[in-house]
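The values are calculated or read from the model by the stated rules, or taken from the named source; none is laboratory data. All values reported here derive from a predicted model rather than from experimental measurement. With ideal geometry, Cβ positions are generated from the backbone for all residues, glycine too; neighbour counts draw on all protein chains shown. Just the protein is used for accessible areas: all its heavy atoms, side chains included, with ligands, DNA and RNA removed. Shrake-Rupley method; radii C 1.70, N 1.55, O 1.52, S 1.80 Å.
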Amino acid sequence: MPEPIKTITVVGSGYVGLTTAALLSNCGYKVYALEINPERLDVVKQGRSFFYEEGLDPLIKNALEEGSLIPTDSYDEAIPSSQVVFSCVGTPDNEDGSSNLTYVFDAASQAAQLMQPGTAFVQKSTVPVGTGEKVEQKFKEAGKTLSYISNPEFLREGTAIADSLWFDRIVVGSDPKTAAAVVVSLYKKIEENRDKLSQISGIKKPDNTTAEPLYISTSRNSAELIKVSANAFLALKISFANSIAKLAGQAGANVNEVMDAVGADKRIGRAFLNAGRGYGGGCFPKDVSGLIRSAEDYGVEMEIMNAVTQVNSSMPHYIIHKAEEALGESIEGKNIAVLGLAFKAGTSDVRRSHAIIIANTLAHKGAKVRAYDPEAMKEAKEDLGSNISLCSSSEEAIKDSSCIFIATDWPEFKNINMGKIAQLSKNTLIVDCMNCLDPETVRKAGLSYMGVGIA
Ligand code: UDX
């Protein structure tokens, strides 16, 4: 019988790493959160995350108080006593779209020097297929007997805790497959501790959870490819919906009605068919370009994913062009409000956010842009042009604007009082970049409405 797991190291305190560390440290394990960025480490030591994610801070705080979560920047302190090491470091993209694996290889080689024989090295970072093979080769060259398991992460920002507590599936890939048993045991432990974790985080069970999660055991290379393929397919669904939206808008149809009916076919499904300003964030754009580049390395052309990227990039400009058509004139010199800057609701993350692209493009075209987001102002500041005014409320952004772009579907924008908007700014065009408003409610308030693919 192998020794029961007592100590775990999670390398990297980003969205995936910190969520993993916070959950496992509340399940009876001693967990080192190994983070080399001093500012990020400092925030974790204070019992918080450096980004906004509902339910995460109480879990970090509780585990810190219990002494089961140990934030550190020292491999020497964390690794030797750990039976499992999770690698959750960043994989930013290079100029050419390929994945930059510097952090992945650094973390693996630093950990390998200190891991005891038999330790499980679990790769959670999204890496191109074939990366694990290279890491395993490095372990062998260092004379280490370590098991390598690819365990891709499927959590979404904004719902990270719910996704991690009530997961649909866990994929573990290793050669031999038996090496993955240790990772499965950790997820079983999370399942056992759901009630406690839900109570500490304050995150309740969502309605549409799977009764019995699937544990899928594959080869190492298949697991790596599963993660990027899943994200690529979701991105494809979004770009498909956006292509149809362009046609619907032109042909006098409503893309929401179309996708509701198309998605009602169980073979297709309704999820990720919401047309709008396109996808952004830390995963889809980089995973799609990473897939294209890594396929090229194997001599395979991903034509379909090139098209997905093209459609996605076109959306902010397409929407602005349509807004100008609806206004009947250029937006130059106009007061324009942009509500929502995060790449999606529920997060402060603005990486590759199309809301930011919309704000910057409008400003570049000579509009006087006022922007507001309930959580992402600090992060957005760096990415927004200096001529964009940052507002502290939607009212401030909206006042006297001739056009309002709803660029992120935060609940406070979905439920915004249209009567109040009509008072604050006259004859305003509401550009619903997320198709999240009811056109009738907008029109009844005396405002004009424009959606994406809604004639
Ligand atoms: C994604 C995957 O969903 C998750 O499984 C993986 O682990 C990481 O990447 P995330 O990037 O957090 O998660 O966000 P997600 O909810 O998938 O949204 C991505 C982007 O697509 C957002 O900009 C969102 O607004 C956009 N989107 C999503 C659409 O435009 N239309 C849709 O129908 C769905």
Reported set for segment 119-161 where residues are hydrophobic (A, V, I, L, M, F, W, C), surrounded by fewer than 23 Cβ atoms within 10 Å (Cβ to Cβ) and within 16 Å of the ligand (Cβ to nearest atom) is PHE154, LEU155
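From the list ALA363, ALA345, ALA359, exactly one residue is within 28 Å of GLN310 (Cα to Cα), within 20 Å of the chain's Cα centre (by Cα) and modelled with pLDDT of 95 or more. Which is it?
ALA345
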Scanning segment 162-188 for residues that are within 13 Å of the ligand (Cβ to nearest atom), outside any loop (DSSP other than H, G, I, E, B) and more than 18 Å from ARG220 (Cα to Cα), the one most open to solvent (accessible area, probe 1.4 Å) turns out to be ASP163
Filtering segment 225-242 down to residues that are more than 19 Å from the chain's Cα centre (by Cα) and open to solvent by 50 Å² or more (accessible area, probe 1.4 Å) yields PHE240
For segment 410-436 the number of residues that are surrounded by fewer than 19 Cβ atoms within 10 Å (Cβ to Cβ) and of a type in the set (Phe, Trp, Tyr) is 0
Those residues of segment 206-224 which are open to solvent by 70 Å² or more (accessible area, probe 1.4 Å) and modelled with pLDDT of 95 or more amount to LEU214
Pairing a residue in segment 152-164 that is under 19 Å from ASN193 (Cβ atoms) with any residue that is within 6 Å of the ligand (Cβ to nearest atom), where Cβ atoms lie under 6 Å and the two sit 6 or more apart in sequence or on different chains, gives ASP163/LEU155; ASP163/ARG156; SER164/LEU155
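In the set ALA248, ALA275, ALA235, ALA241, which member is of a type outside the set (D, E, K, R), under 25 Å from ILE170 (Cβ atoms) and within 16 Å of the ligand (Cβ to nearest atom)?
ALA235
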SER330 fails exactly one of (1) away from the ligand (no atom under 16 Å from the Cβ); (2) in contact with a strand residue (DSSP E or B) (Cβ under 8 Å, 6 or more places away or on another chain), namely (2)
Selection over segment 282-328 where residues are within 30 Å of SER448 (Cβ to Cβ) and either in contact with a Lys or Arg (Cβ under 9 Å, 6 or more places away or on another chain) or among the small types (Gly, Ala, Ser) (or both) yields a count of 13
Scanning segment 85-107 residue by residue, the ones that are crowded, with 24+ Cβ neighbours inside 10 Å and farther than 17 Å from LYS227 by Cβ total 2
Taking segment 106-126 and keeping residues modelled with pLDDT of 95 or more and β-branched (Val, Ile, Thr) leaves VAL122
Residues of segment 63-96 being assigned to a helix (DSSP H, G or I) and either within 14 Å of LEU34 (Cβ to Cβ) or under 25 Å from the mean Cα position of the chain (by Cα) (or both), in sequence order, are ALA63, TYR75, ASP76, GLU77, ALA78
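Rundown of residues vs (1) surrounded by 21 or more Cβ atoms within 10 Å (Cβ to Cβ); (2) in contact (Cβ under 8 Å) with a residue 12 or more places away in the chain; (3) touching a Cys at 6+ places or on another chain (Cβ under 6 Å), yes/no style:
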{"site": "ALA253", "(1), (2), (3)": "no, yes, no"}
{"site": "ALA264", "(1), (2), (3)": "no, no, no"}
{"site": "ARG267", "(1), (2), (3)": "no, no, no"}
{"site": "ALA275", "(1), (2), (3)": "yes, yes, no"}
{"site": "VAL308", "(1), (2), (3)": "yes, yes, no"}
{"site": "TYR318", "(1), (2), (3)": "no, yes, no"}
{"site": "LEU327", "(1), (2), (3)": "no, yes, no"}
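Any idea which residue in segment 385-409 is modelled with the lowest pLDDT, counting only those that are open to solvent by less than 20 Å² (accessible area, probe 1.4 Å) and part of a loop (DSSP other than H, G, I, E, B)?
Step one: filter segment 385-409 for residues open to solvent by less than 20 Å² (accessible area, probe 1.4 Å), giving 388, 391, 394, 397-398, 401, 403-408.
Okay, now just the ones that are also part of a loop (DSSP other than H, G, I, E, B), so 388, 391, 401, 407-408.
Numbers: ILE388: 98, CYS391: 97, SER401: 94, ALA407: 98, THR408: 98.
So the residue we want is SER401.
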How many residues of segment 151-180 are touching a Ser or Thr at 6+ places or on another chain (Cβ under 7 Å) and within 30 Å of ALA342 (Cβ to Cβ)? The answer is 11
Result of the Cβ filter at 7 Å on segment 9-25, keeping first residues that are under 19 Å from VAL184 (Cβ atoms) and open to solvent by 10 Å² or more (accessible area, probe 1.4 Å) and partners that are in a loop (DSSP other than H, G, I, E, B) and within 15 Å of the ligand (Cβ to nearest atom), at least 6 apart or interchain, is VAL16/CYS88; VAL16/LYS124; VAL16/GLU153; VAL16/LEU155; THR20/CYS88; THR20/LYS124
Per the filter on segment 189-205, residues open to solvent by less than 50 Å² (accessible area, probe 1.4 Å) and not in a helix (DSSP H, G or I) are ASN193, GLY202, ILE203
Of (1) closer than 21 Å to LEU101 by Cα; (2) touching a Gly at 6+ places or on another chain (Cβ under 7 Å); (3) within 11 Å of the ligand (Cβ to nearest atom), ILE292 fails just (3)
